[in-house]
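Novice: Here it is: the structure, laid out below.
The values are calculated or read from the model by the stated rules, or taken from the named source; none is laboratory data. Quick caveat, the model's predicted, so the values are computed rather than measured. Every residue, glycine as well, gets a Cβ built from its backbone with ideal geometry; the counts of neighbours run over all protein chains shown.
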Amino acid sequence: MYCFIKRSICTENDCNKCPDFEEGIGYADINNILDIVDRPGTLLKAALVKKFSSEFKVGCGCAGHVVQMNEWGVDGCIENIDTIVEWLYENGVKRNFKVMKIPFIKKLIKRFVLKSIKE
């Protein structure tokens, strides 16, 4: 299996120990990985981990949002951009990220999301 949380190959038993683990969410059969890696939810999560790795924690609870965004595709994510921005904003506030205090942060989040999912 490929784990999207650890970004590595792991066994299903390892996934069961992960706080983000839900049946069918968070990992994929390696034979289907190329179909999943280039999806908007996966791209956004990878961009967030890369940009905020020092503040990023396992157990963010975003696995369901990643799956939803992947099902929507890029066009659906653009249609639902305000929902995605709220997910990220609420999670950032809940985790007390300092960046959430920046004026106009939701506009910056929106720009980051759009750039990430279109790459």
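Novice: From the set of residues in segment 51-66 that are under 20 Å from LEU114 (Cβ atoms) and either touching a strand residue (DSSP E or B) at 6+ places or on another chain (Cβ under 9 Å) or not hydrophobic (A, V, I, L, M, F, W, C) (or both), which is modelled with the lowest pLDDT?
Specialist: LYS51
Novice: Mind listing whichever residues of segment 69-98 are of a type outside the set (Phe, Trp, Tyr) and either surrounded by 18 or more Cβ atoms within 10 Å (Cβ to Cβ) or closer than 13 Å to LEU48 by Cα (or both)? Working first, answer last.
Specialist: Just the residues of segment 69-98 that are of a type outside the set (Phe, Trp, Tyr), to begin with: 69-71, 73-86, 88, 90-96, 98.
Result: MET69, ASN70, CYS77, ILE84, VAL85, LEU88, ASN91, GLY92.
Novice: Please specify each residue of segment 95-119 satisfying the condition of being in a helix (DSSP H, G or I), among the charged types (D, E, K, R) and under 16 Å from the mean Cα position of the chain (by Cα).
Specialist: If the condition is that a residue be in a helix (DSSP H, G or I), among the charged types (D, E, K, R) and under 16 Å from the mean Cα position of the chain (by Cα), then LYS110, ARG111, LYS115, LYS118 are the ones that fit.
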